[in-house]
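See structure below.
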Amino acid sequence: AVVSTQSTGKSWISNQPEGRVGDFIDNRMVLGGVEVEVVNAVSGEALTTVLSETTGDSAVTSSRTAAKSWSEPGFHRSKVLYSITREVQKQSKLLALTESISTGVHIRETKEAVTSLVQALYHYTGVTQSGTPLGVVSLVLPSIDTLSTIAKYAVPALAAGNSIILQPSHPLPALLFAQLCAGAGVPSGVVNVVCNRDHVSLAVDGVFGVGEMLPGDLCSPIVRFSMPRKSSMVVFAVSDVDSAAQTCLDKAFAGYGKTPASISRVLVQQPVYDRFCKILRERLPRLVVGSPLDGCVDVGCTPDETEVQQLEGLIADNGHLEKIVSERKGSAMPCTAVYGVQP
């Protein structure tokens, strides 16, 4: 099953013009001169190379032109959004697949992200008259949760009458979404994708460190930052410790532990600390890390070997602390809990 689903993703790429993928501008693939490599999280090998533009000038020009007619009042946006919803539903498996093989997030979770995208589209189909269009909205998408971020920001921006430029960390899910929009009847230039990230954007969603990488003199008239840190958890002595420990395991490694909802710190009151750690020692080693397309795996894996080495280095630097490590398949980074840390 894993092999067949990978072949489906490769077939989608080979079916593009010239068998290559690039930026998506004016409802078509545009091959540029900047190479952006896409690594297959399942095999660790290069899946394809996206040929992006050196600059995003043509995408900006296209989006500005399209925004004039797209922002006009009327019910035309509702009809188009409903058509997008139907297209996303038809290609839900392929959307989930492209995100899984690009990011390493288990396909069980990416299917849930597609469901959230469909729900957002259905909701905003009915409220297209309530928003105030701003013009062109550019979104720098995080390395995890591409589809969820599109549902959270891009869909309401479209419903309000804005044209959008997506700048993804992992191009394939965003490119497929833009292609589905074009097939649903979205006017040319309303949804553009630029895979080269060296551009100033209007909205940023990602972990806190992303903000430190952005220039301080952003020239955009409207800038929105959404850079949440990782989540924390507090377990009090009066808590249901068994349920708290299971919730910790379920949430700590969601999205391979890289989403803002993933729990990275747990504070436990002393009366129940030993019991909490005992439950983690019993249950965490049973988690299996491996291919995001393997139904027998609990947690997906990162395609970035450098990131794995960094994580292993951090754990090695704290070798004096006690650790719980999960089972893993292949070279994937195992789920790890370090305890005995003082706040």
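The values are calculated or read from the model by the stated rules, or taken from the named source; none is laboratory data. Keep in mind that what you see is a predicted model, and the values were worked out from it rather than measured. In this analysis, Cβ positions are derived from the backbone assuming ideal geometry, glycine residues included, and neighbour counts consider all displayed protein chains. We work out accessible area using only protein heavy atoms, side chains counted, and drop any ligands, DNA or RNA first. Shrake-Rupley method; radii C 1.70, N 1.55, O 1.52, S 1.80 Å.
Filter region 43-72 down to the residues that are free of Cβ contacts under 8 Å to residues at least 60 places away in the same chain and more than 30 Å from E112 (Cα to Cα), then identify the one that is most open to solvent (accessible area, probe 1.4 Å).
Among those that are free of Cβ contacts under 8 Å to residues at least 60 places away in the same chain and more than 30 Å from E112 (Cα to Cα), it is K68.
Checking the structure you have, find out if any residue of region 43-53 is among the hydrophobic types (A, V, I, L, M, F, W, C) and outside any strand (DSSP E or B).
Our first condition is that a residue be among the hydrophobic types (A, V, I, L, M, F, W, C); within region 43-53, this holds for 46-47, 50-51.
Checking the rest, the ones that are also outside any strand (DSSP E or B) come to none.
No - not one qualifying residue is present in region 43-53.
Can you tell me how many residues within region 73-82 are open to solvent by less than 70 Å² (accessible area, probe 1.4 Å) and more than 23 Å from the chain's Cα centre (by Cα)? Steps first, answer last, please.
Of the residues in region 73-82, the ones open to solvent by less than 70 Å² (accessible area, probe 1.4 Å) are 74, 76-78, 80-81.
Keeping just the survivors that are more than 23 Å from the chain's Cα centre (by Cα) gives 74, 76-78, 80.
Summing the residues that are open to solvent by less than 70 Å² (accessible area, probe 1.4 Å) and more than 23 Å from the chain's Cα centre (by Cα) in region 73-82 gives 5.
Has region 1-13 got any residue that is open to solvent by less than 20 Å² (accessible area, probe 1.4 Å), part of a helix (DSSP H, G or I) and more than 20 Å from G185 (Cα to Cα)?
At the first step, the residues of region 1-13 found to be open to solvent by less than 20 Å² (accessible area, probe 1.4 Å) are 9, 13.
Filter once more, so that each one left must be part of a helix (DSSP H, G or I): 9, 13.
Now drop any that are not more than 20 Å from G185 (Cα to Cα), which leaves 9, 13.
Checked region 1-13: at least one residue is open to solvent by less than 20 Å² (accessible area, probe 1.4 Å), part of a helix (DSSP H, G or I) and more than 20 Å from G185 (Cα to Cα).
S130 versus (1) under 30 Å from F253 (Cα atoms); (2) without any contact (Cβ under 8 Å) to a residue 60 or more places away in the chain: which is the lone unmet condition?
(1)
So is S231 polar (S, T, N, Q) and modelled with pLDDT of 80 or more or not? Please lay out each step first, then the result.
Values: polar (S, T, N, Q): yes; modelled with pLDDT of 80 or more: no.
No: the conditions fail for S231.
Out of (1) closer than 18 Å to V36 by Cβ; (2) of a type outside the set (D, E, K, R); (3) open to solvent by 20 Å² or more (accessible area, probe 1.4 Å); (4) in contact with a Lys or Arg (Cβ under 9 Å, 6 or more places away or on another chain), the odd one out for V136 is which?
In the conditions (1) closer than 18 Å to V36 by Cβ; (2) of a type outside the set (D, E, K, R); (3) open to solvent by 20 Å² or more (accessible area, probe 1.4 Å); (4) in contact with a Lys or Arg (Cβ under 9 Å, 6 or more places away or on another chain), V136 misses (1) alone.
Could you tell me whether any residue of region 85-93 is open to solvent by 20 Å² or more (accessible area, probe 1.4 Å), in a helix (DSSP H, G or I) and among the polar types (S, T, N, Q)?
Quick first cut of region 85-93, residues open to solvent by 20 Å² or more (accessible area, probe 1.4 Å) only: 86-87, 89-93.
After this cut, where a residue has to be in a helix (DSSP H, G or I) as well, the list is 86-87, 89-90, 92-93.
Next, from what is left, pick out any that are among the polar types (S, T, N, Q): 89, 92.
So far as region 85-93 goes, yes, one or more of its residues are open to solvent by 20 Å² or more (accessible area, probe 1.4 Å), in a helix (DSSP H, G or I) and among the polar types (S, T, N, Q).
Given (1) of a type in the set (F, W, Y); (2) touching a helix residue (DSSP H, G or I) at 6+ places or on another chain (Cβ under 8 Å); (3) at pLDDT below 85, where does F253 come up short, assuming only one miss?
(2)
Among the residues of region 14-39, which ones are touching an Asp or Glu at 6+ places or on another chain (Cβ under 9 Å) and either in contact (Cβ under 8 Å) with a residue 24 or more places away in the chain or part of a strand (DSSP E or B) (or both)?
Just the residues of region 14-39 that are touching an Asp or Glu at 6+ places or on another chain (Cβ under 9 Å), to begin with: 22-23, 25, 29-34, 39.
Across region 14-39, the qualifying residues are G22, D23, I25, M29, V30, G32, V34, V39.
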